[in-house]
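The values are calculated or read from the model by the stated rules, or taken from the named source; none is laboratory data. No experiment lies behind these values; they were computed from the predicted model shown. All Cβ positions, glycine included, derive from the backbone under ideal geometry; neighbour counts span all protein chains shown. Please note that ligands, DNA and RNA were not included when accessible areas were found on the heavy atoms of the full protein model with its side chains. Shrake-Rupley method; radii C 1.70, N 1.55, O 1.52, S 1.80 Å.
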Amino acid sequence: MSRSAHPAGPRHADVFPEGHYSAPPADLNALDPKVWAQTVERDADGVVTVGGMAVTRLAEEYGTPAYVLDEADFRARARAWRTAFGTDADVFYAGKAFLSRAVVRWLDEEGLNLDVCSGGELATALSAGMPADRIAFHGNNKSPEEIERAVRAGVGRIVLDSFQEIVRVAHIAQSLGVRQRVQIRITVGVEAHTHEFIATAHEDQKFGIPLAGGQAAEAVRRALQLDGLEVIGIHSHIGSQIFDMSGFEVAAHRVVALLKDIRDEHGVELPEIDLGGGLGIAYTSDDDPCEPHEIAKALTEIVTRECEGARLRTPRISVEPGRAIVGPTAFTLYEVGTVKPLDGLRTYVSVDGGMSDNIRTALYDAEYSVALVSRASDAESMLVRVVGKHCESGDIVVKDAFLPGDLAPGDLIAVPATGAYCRSMASNYNHVLRPPVVAVRDGEARVIVRRETEEDLLRLDVG
Ligand code: LLP
């Protein structure tokens, strides 16, 4: 690997645009445990290791770019959620964040349930042996075929998202001679402080049935009358990458108020509420996420208090964390291809992946951090923008960051906290091949999703 120095461009923040870094970090070789997977460390030679394996060896064996996932960390986070909520609650991992058959097995072993939102995710879950009664099926436009497959498989709950779907699921279930357990997804009118595209509980959007104007109450009224449905609860998901618990508290308050209205009108106490996912993680050192036990305590307390006030039996709570479990457990390993200093601006560092393996920066203006991982360096820091290889100037992986000024082609850099919504949102833009997911544990690595090949691309192109 080349170690040659090169003109590094501006080294300080004099040209720095608005961003979260006001100054370079004191030590560019340090790895903030907040943003890196638990077993990541730098060894005595300066090479970063994960699960006891050097990234240089991973790059040699599996190539770059690659998502590298710390299995012990995944299991530990899954377990922390499970333990925090205890046996009186259920944790459904949100498969949309990242799903593979290995992940399904880990979840099963760690005692978590699974939320799927498409036929593809359902197929993955079932093929890996997740018991169907521990699967929840979501989506604002499930097809009749998907609904039928879910009902036939015996999924534990289908989360109903519209008036039409209430009738559709009831009809399909009844025709199969099944009384399907369902929850009704409502929007509680909370504005979660997050990006507009990932906030979901305000009313002007496609998910759920608004509480406002009595629509949610009407949905429950209709569902309770249908023989094909067993209404077991109310569902609310307020958004994603949330740090402020107050939105969940307002949501819990409004969901319990609806449970009370349902009890008063129908004499029925629904036994479950699901408060969705959405807990934020640290993408950079500036982010301070809550711990699962803090969330569990806050949610349990508020639901219990509100139910006591309304003289309701406390329902069984469930939550659906995706990002908070898998997000911090993986990083994307890239090889530096070109380093281009632009006088008076910044240095562009091009890597061998980009927006096809991480669309979040382009789509949500997401912030990431980055580190040189194949060696340590005591060179002065330089201001960089890490960009991909796609034919698009918005192909940015890390918008503003600092890397050592002697960074050179052939160096390996890694972007932490890419476990959630990177592989699952990956594309083939420019016919770039999607990277593998390599799981590492106790000094051993294993490919859990293999790298795409040109044959894979051509197989779909039937000429
Ligand atoms: N439950 C429901 C019903 C959801 O819609 C979601 C996420 C979750 C749970 C899990 O949320 P999490 O704990 O992972 O935040 N692509 C976006 C995120 C979209 C989230 C969609 N729904 C991103 O990359 O930030």
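For segment 250-364, the fraction of alpha-carbon pairs lying more than 24 Å apart is 51 percent, rounded to a whole number.
Solvent exposure of SER246, expressed as accessible area, is near 60 Å², computed with a probe of 1.4 Å over the protein chains only. Past the 25 Å Cα-Cα mark, which pairs from LYS340/LYS399; LYS142/LYS297; LYS96/LYS260? As for pairs spanning more than 25 Å Cα to Cα, those are LYS142/LYS297; LYS96/LYS260. Bin width 10 Å, origin at 0, all Cα-Cα pairs of segment 299-406: what percent of pairs per bin? Reading upward from the zero bin: 12, 34, 21, 10, 12, 9, 2. Couplings 3J(HN,Hα) of segment 219-226, computed from phi: 4, 5, 3, 5, 5, 5, 7, 9 Hz, in residue order, whole Hz [Karplus 6.51 cos²θ - 1.76 cosθ + 1.60, θ = phi - 60°; x for Gly and Pro]. Heavy-atom accessible surface of segment 399-439, averaged per residue, reaches 24 Å², computed with a 1.4 Å probe. The calculated Kirkwood hydrodynamic radius for the chain is 23.4 Å, given to one decimal from all distinct C-alpha pairs. About its Cα centre, the dipole of the chain is roughly 1080 debye, where the only charges are +1 on Lys and Arg Cβ and -1 on Asp and Glu Cβ. Relative contact order of the chain: 23 percent, from C-alpha pairs under 8 Å at least 6 residues apart in sequence. Taking every alpha-carbon pair under 8 Å whose residues sit at least 6 apart, segment 138-321 reaches a relative contact order of 19 percent.
Counting only protein heavy atoms and a 1.4 Å probe, segment 310-396 has 35 square angstrom of accessible area per residue.
Of the accessible area of segment 138-321, computed with a 1.4 Å probe over protein heavy atoms only, carbon and sulfur atoms account for 46 percent. Each 5 Å bin from zero up to the one holding the largest Cα-Cα distance in segment 138-321 carries the following percent of pairs: 1, 8, 17, 20, 19, 15, 11, 5, 2, 1, 0.
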